[in-house]
Amino acid sequence: SLSLPLPSLLFPSTSTLFALLTAFWFRLYLHPSKTSPFVRHVVATLLGFYFALFCFGWYALHFLVQSGLTYGIMILTGVEHMHKYCLVVALGYLSFCQITRVYVFDYGMYSADFTGPMMVITQKITSLAFEIHDGKKLIFFKPDTECIYTQQKYNCNMQKCIRP
């Protein structure tokens, strides 16, 4: 008989199945023609946090802390240095969580490791900060170059990304 710890069964089976079922529910009852984008974003955020809480326990709060810190930096600091501050804070908090997980908690015992998804969150947050910085930097270039057209296609406007 194969014995797997309970946390290793939670994510692949239960959460994935529940996510697929909620995707159908989301598409039927929260269709873009029926509800506003704000309601869809709130429901998706709450469902995502519930899945994280279900899979990783209270360690999922680290996702909120890291996202809150970096989004706060994006809103409060200027575009000139925002990308650097976000990178340092996101990587610093990720490193802090990884070091405390390895050295403070028992590393030899299996646990649902929250630092893997946190690495993805770090990538996405810093990517957003750099895209906002690059989008604002486009103002200073000549608009007739082909390189600028490609950059404008993929840039991220700060007003559209951060503020509703």
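The values are calculated or read from the model by the stated rules, or taken from the named source; none is laboratory data. All of these numbers come straight from a predicted model, not from anything done at the bench. Cβ: placed from backbone, ideal geometry, glycine included. Neighbour counts: every protein chain shown. When the accessible area is computed, the model is the full protein with side chains, heavy atoms only, and any ligands, DNA or RNA have been set aside. Shrake-Rupley method; radii C 1.70, N 1.55, O 1.52, S 1.80 Å.
Some notes on this structure:
- Estimated at 0.36 nm per residue, the fully extended path between residue 30 and residue 61 surpasses their Cα-Cα distance by 8.5 nm.
- Sequence of 30, 17 from largest to smallest accessible area, 1.4 Å probe: 17, 30
- Computed from the Cβ-Cβ distance with R0 of 30 Å, the FRET efficiency linking residue 14 to residue 120 stands at 0.90.
- Only protein heavy atoms count here; under a 1.4 Å probe, residue 105 has an accessible surface of about 100 Å².
- Nonpolar atom fraction for the range 18-126, defined as the carbon and sulfur part of the 1.4 Å probe accessible area, stands at 74 percent.
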